[in-house]
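Asks: Before anything else, here's the structure in question.
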Amino acid sequence: MADRDERREQARKHLALMKGALAGEAAKTVEAAVIYEDGEGRELQLPEATFEATETKVVTSFAPEALYRDGRGKTVIVDPASFSRPGGAYEDGAFGPEQILCSDSNLYLVLQGMKERYYDANKGFARGQLFTDRAMYLPDVAFSRNGSLKFADVIAVAEPLRERALENHRSEQECNNALADRIETLLRIAAANECETLIM
């Protein structure tokens, strides 16, 4: 596994490539992005099921690989996003689920484009590391793997940090409620946008 300095250099090179090759696509995604304010995602009406309706396939796997292996129809990937910083510490060589998504796509460019609309508005709402379920729906993020390009929508929503929240004197029940709210939010957003495959 690469060390932090190597990942920082890889992130720099990848970002330069994405700016050169997929900046236009990233700008279109930013323009079409939808922000669901805290609580709005949980209030979304689910579409009526029809006789021909098929269930959404939910895949819990390594997201970039699962997109190519399991993505069928309209696919959405869940990004456990940093609440206050686009891409978390992607450019600093951090290595986590969000940074992996950024390293295989133009997602980081998209997240940078959402700084004012999403991240700046989140300041002051960390709630003891439970955050809120304020989410972004980002259509047509471009993922590249082995020379091929595939598009998927992304739901970016902050993951509650249970251990840190407990250290910040939040109760077990508050942590459970925050996680339940987050799961309901992302599932309802996926359903409301008629996604056929959900990758978490």
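The values are calculated or read from the model by the stated rules, or taken from the named source; none is laboratory data. Quantities reported herein were computed from a predicted structural model and do not represent experimental measurements. All Cβ positions, glycine included, derive from the backbone under ideal geometry; neighbour counts span all protein chains shown. The area values use the complete protein model at the heavy-atom level, side chains included, leaving out ligands, DNA and RNA. Shrake-Rupley method; radii C 1.70, N 1.55, O 1.52, S 1.80 Å.
Asks: Among Gly39, Gly88, Gly24, which one shows the highest mean-square fluctuation when the chain is modelled as a Gaussian network with alpha-carbon springs under 10 Å?
Replies: Evaluated over the chain, the most mobile residue of the options is Gly24.
Asks: Given charges of +1 on the Cβ of Lys and Arg and -1 on the Cβ of Asp and Glu, with all other atoms neutral, how large is the dipole of the chain about its Cα centre, in debye to the nearest 20?
Replies: 540 debye
Asks: Right, next: Dividing the Cα convex hull volume of the range 116-194 by residue count, how many Å³ per residue is that?
Replies: In the range 116-194, the Cα convex hull volume per residue is 117 Å³.
Asks: Would you pull out the residues with amide H under 5 Å of Ser105's amide H, same chain only if 5 or more places away, H placed 1.01 Å from N?
Replies: Ser144
Asks: Under 5 Å between amide hydrogens, which residues at least 5 positions from Glu159 or on another chain qualify, with H placed 1.01 Å from N in the peptide plane?
Replies: Ala81
Asks: Could I ask something else about it? What residue among Asp133, Asp120, Asp153 has the largest mean-square fluctuation in a Gaussian network model of the chain, using Cα springs under 10 Å?
Replies: Asp120
Asks: What does the extension gain come out to for Asp140 and Ala2, with contour length at 0.36 nm per residue minus their alpha carbon separation?
Replies: Difference between extended and current length: 46.8 nm.
Asks: Heavy-atom accessible area per residue, the chain, 1.4 Å probe: how many Å²?
Replies: Roughly 53 Å² per residue, with all protein chains present.
Asks: Same structure again: How do Phe95, Phe62 stack up against each other in accessible area, from largest to smallest, with a 1.4 angstrom probe?
Replies: Phe95, Phe62
Asks: Taking Lys13 as the anchor, which lysines have their alpha carbon closer than 23 Å to its alpha carbon, excluding any fewer than eight residues away along the same chain?
Replies: Lys28, Lys115, Lys150
Asks: So, one more: Residue by residue, what Karplus-based ³J(HN,Hα) values in Hz, rounded to whole numbers, does the range 12-29 have, using 6.51, -1.76 and 1.60 with θ = phi - 60° and x for Gly and Pro?
Replies: 4, 5, 5, 4, 4, 5, 5, 5, x, 9, 10, 5, x, 5, 4, 4, 5, 5
Asks: For the range 55-138, which GluC sites (Glu not before Pro) are in a loop by DSSP, counting at most 16 other Cβ atoms within 10 Å?
Replies: Sparse-neighbourhood loop GluC sites (Glu not before Pro): Glu55.
Asks: ³J(HN,Hα) across the range 118-133 via Karplus (A = 6.51, B = -1.76, C = 1.60, θ = phi - 60°), whole Hz, x for Gly/Pro?
Replies: Couplings: 10, 5, 4, 6, 7, 4, x, 10, 5, 6, x, 6, 8, 6, 10, 9 Hz.
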